[in-house]
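Any read-out appearing in this document is the output of simple, stated calculations on the displayed coordinates, not a laboratory observation. Bear in mind that the values here come from a model prediction, so they are computed numbers and not experimental data. Note that we place each Cβ from the backbone using ideal geometry, even for glycine, and neighbour counts take in every protein chain shown.
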Amino acid sequence: MSEQFNTAEDASVSSRDAFPDYAERARRLGDLIAAPALPIADVALFLDIPLSTVDRLRAQGRGPKCFKIGRRLYVRQCDMRLWLDQMAEAEVA
């Protein structure tokens, strides 16, 4: 799997730490919204955060509820939205 970086300066960080590509996000956003479950990399793309942030939150037990199909992690849309609501409520409180 080849690594693609957004800018030349991103070459010094891993692709998991890079922010999602905005053109790809804009192109795929409709499909991401419509999907009942998203691979963990698409969750990062949907939320416009680095994949490493999603990985870190999961490791800390503060990420969205995930499930495996084979070796891949997925998040149901309803679980991601519930998690987002919980994060928003925690910020207000």
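A few points about this structure:
- Residues located in the stretch 33-55, provided they are assigned to a loop (DSSP other than H, G, I, E, B), more than 8 Å from the chain's Cα centre (by Cα) and either of a type in the set (S, T, N, Q) or surrounded by 15 or more Cβ atoms within 10 Å (Cβ to Cβ) (or both): ALA35
- Within the stretch 18-32, the set of residues being in contact with a helix residue (DSSP H, G or I) (Cβ under 8 Å, 6 or more places away or on another chain) and assigned to a helix (DSSP H, G or I) comprises GLU24, ARG25, ARG28, LEU29, LEU32.
- Cβ pairs under 6 Å, 6+ apart, first in the stretch 51-74 and touching a residue at least 24 places away in the same chain (Cβ under 8 Å) and under 20 Å from ALA18 (Cα atoms), second charged (D, E, K, R) and part of a loop (DSSP other than H, G, I, E, B): LEU51/ARG16; SER52/ARG16; SER52/ASP17
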